[in-house]
There are 2 protein chains.
Amino acid sequence: MINVVLFGSGNIASFLAKQFINSEVINLIQVYNRNLSNINYLKNQTDIVDDINEINKKADLYILALKDNIISKFSKQLFLPNRLVVHTSGNTSIDKLKSNSDKGVLYPLQSISKYNEVVNKNFPICIEAENEKDLLLLKKVALEITGNYAILNSNKREQLHLAAVFVNNFVNYLYSIGNDICKSKNISFKLLKPLIDETAEKIKNNLPKDMQTGPAVRNDSYTIAKQEKLLHGIQKEIYTLLTQAIQDKNE
Amino acid sequence: MINVVLFGSGNIASFLAKQFINSEVINLIQVYNRNLSNINYLKNQTDIVDDINEINKKADLYILALKDNIISKFSKQLFLPNRLVVHTSGNTSIDKLKSNSDKGVLYPLQSISKYNEVVNKNFPICIEAENEKDLLLLKKVALEITGNYAILNSNKREQLHLAAVFVNNFVNYLYSIGNDICKSKNISFKLLKPLIDETAEKIKNNLPKDMQTGPAVRNDSYTIAKQEKLLHGIQKEIYTLLTQAIQDKNE
């Protein structure tokens, strides 16, 4: 068994806690959170603490599932020589860990929320460590969580996280524009869902640029002008900029 | 049986021809195309013609699966009194049909290509007609093609098509940015596919705005500044504009 202490109570911490409790490979021996009430639901499954001095010193792995901007400051307090401390942030270098310990990263590349079950469970866990032994441990943990891992250094992980902002956060925002347009004209947004699925499906076996369709890529200036007239404000700015970008790319 | 004459050889025409040939409800009696060689592959299945004077006058339905900008001019040549002529364009009003005939619209709301099989086949066909009898006929045809229809007037269909540009064309372009970022750093784009799926999946039972995550919506100015520094040119412009838009929406 791999003994783990988990820090935090956010989306990733909650997801990991659940996975670990159901695991026969990983033993969640303790969960720390500054505010005990947020992890109280775990009290029958594991040891819960809110005092950093009570951290169990004998775990194989310490996972800081904390906000990016507190990782450095928080980790400074950890004196765990020869133990492995990791953070779970996509956008934070391994160097930001300031614990007296071995260091690593365990970044789940997925949109995870406390309130919604993840549908696509076989997503990659991006791992990084300072030595082979620790990397091997993180591999085992990743395989147990999702069955899928990728070894990436901090520089690559930062780029991957940036790409994720485009394909996840920004894509979701475009969905919300689609929803707003439909709502304003009393059209059911559900009508667009097979198209949304197809758009995501098509790039599984094709390059996105080869799948590009629509008025922009076919330089259909009549439709572009007509659609720009239907839009206002920031929606119009987005339409114009993305149309331009698609046209530039295909020149 | 519903007797159909189909016009065109593009993506939608090819898709419809295939559906109709396999149908026991619809009888594809003729396909017209200006250039006969593009529809030659259908010659063993149906009558193919390239002369408008040879159009069969006895069909129940004439489907113009033609480019938006030639629908008016082409339809003017059709003298088919009391027969139903429809176009398949999302962005074109029913009024653009200038045939001497009844008029309607049959717009498949899906990303359809000759070269890729549609995965999500149960997509809506948006229909419009001038009278109940014609609408009933279009319903039957839509149900036979995909099992799913929506009755929308030209104004609503135009708005739906605009929403589709955001959730399909623009989303695909954001996928291509994700791919470009990965490629430039020698990272496998495949890593992002479970996240892409999850993003599309989550909005099935939730409003997109409630699913918004990422640095923009949580006003994480540290990460935003860091990511902007990694970008250049139009990718940076898109990052900044979409970040601003997400922040404006959530204020």
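The values are calculated or read from the model by the stated rules, or taken from the named source; none is laboratory data. Please read all numbers here as calculations on a predicted model, not as lab measurements. Ideal geometry is used to build each Cβ from the backbone, glycine not excepted, and the neighbour counts take in all protein chains shown. Ligands, DNA and RNA are excluded from the accessible area calculation, which covers all protein heavy atoms including side chains. Shrake-Rupley method; radii C 1.70, N 1.55, O 1.52, S 1.80 Å.
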*Among the residues of the stretch A:201-228, write down those that are assigned to a helix (DSSP H, G or I) and within 23 Å of B:ILE234 (Cα to Cα).*
A:PRO208, A:LYS209, A:ASP210, A:MET211, A:SER221, A:THR223, A:ILE224, A:ALA225, A:GLN227, A:GLU228
*asked:* Show the residue pairs meeting these rules: Cβ distance below 6 Å; 6+ apart or different chains; first residue within the stretch B:61-73 and more than 14 Å from chain A (Cβ to nearest Cβ); second residue assigned to a strand (DSSP E or B) and open to solvent by less than 30 Å² (accessible area, probe 1.4 Å).
replied: B:LEU61/B:VAL4; B:LEU61/B:LEU84; B:TYR62/B:VAL5; B:TYR62/B:VAL85; B:ILE63/B:LEU6; B:ILE63/B:VAL86; B:LEU64/B:PHE7; B:LEU64/B:HIS87
_Checking B:GLN247 against (1) over 30 Å from A:ASN205 (Cβ atoms); (2) within 7 Å of another protein chain (Cβ to nearest Cβ): exactly one of these is not met. Which one?_
(2)
*asked:* Taking the criterion of being surrounded by 16 or more Cβ atoms within 10 Å (Cβ to Cβ) and part of a helix (DSSP H, G or I), would at least one residue in the stretch A:111-132 satisfy it?
replied: no
*Could you say which residue among B:SER99, B:SER23, B:SER93, B:SER14 is surrounded by 15 or more Cβ atoms within 10 Å (Cβ to Cβ), touching a residue at least 60 places away in the same chain (Cβ under 8 Å) and over 17 Å from B:ILE125 (Cβ atoms)?*
B:SER93
*Residue in the stretch B:228-237 that is at the interface with chain A (Cβ under 7 Å from one of its Cβ atoms), more than 22 Å from A:LEU152 (Cβ to Cβ) and either open to solvent by less than 50 Å² (accessible area, probe 1.4 Å) or touching a strand residue (DSSP E or B) at 6+ places or on another chain (Cβ under 7 Å) (or both) present*: yes
*Of the numbered conditions (1) closer than 22 Å to A:GLN159 by Cβ; (2) touching a residue at least 24 places away in the same chain (Cβ under 8 Å); (3) part of a helix (DSSP H, G or I), B:GLN247 fails exactly one; give the number of that condition.*
(1)
*asked:* Only one of B:ILE177, B:ILE246, B:ILE196, B:ILE187 is under 28 Å from B:CYS126 (Cβ atoms) and surrounded by 15 or more Cβ atoms within 10 Å (Cβ to Cβ). Can you tell me which?
replied: B:ILE196
*Residues within the stretch A:190-237 that are without any contact (Cβ under 8 Å) to a residue 40 or more places away in the chain and touching a helix residue (DSSP H, G or I) at 6+ places or on another chain (Cβ under 7 Å), tallied*: 30
*Of all residues making up the stretch A:133-169, the number that are more than 14 Å from the chain's Cα centre (by Cα), within 20 Å of B:LEU231 (Cβ to Cβ) and part of a helix (DSSP H, G or I)*: 3
*Number of the exception - B:ALA129 against (1) within 8 Å of chain A (Cβ to nearest Cβ); (2) closer than 30 Å to A:LEU231 by Cα*: (1)
*asked:* Can you tell me which residue is farthest from B:LYS190 (Cα to Cα) among those in the stretch A:202-223 that are within 7 Å of another protein chain (Cβ to nearest Cβ) and open to solvent by 60 Å² or more (accessible area, probe 1.4 Å)?
replied: A:TYR222
*Pairs under 7 Å by beta carbon, first residue hydrophobic (A, V, I, L, M, F, W, C) in the stretch B:41-55, partner part of a loop (DSSP other than H, G, I, E, B) and loosely packed, with under 14 Cβ neighbours inside 10 Å, six or more apart or different chains?*
B:ILE52/B:GLN77
*Of all residues in the stretch A:171-188, which are more than 7 Å from chain B (Cβ to nearest Cβ), assigned to a helix (DSSP H, G or I), over 26 Å from the mean Cα position of the chain (by Cα) and not hydroxyl-bearing (Ser, Thr, Tyr)?*
A:LYS183
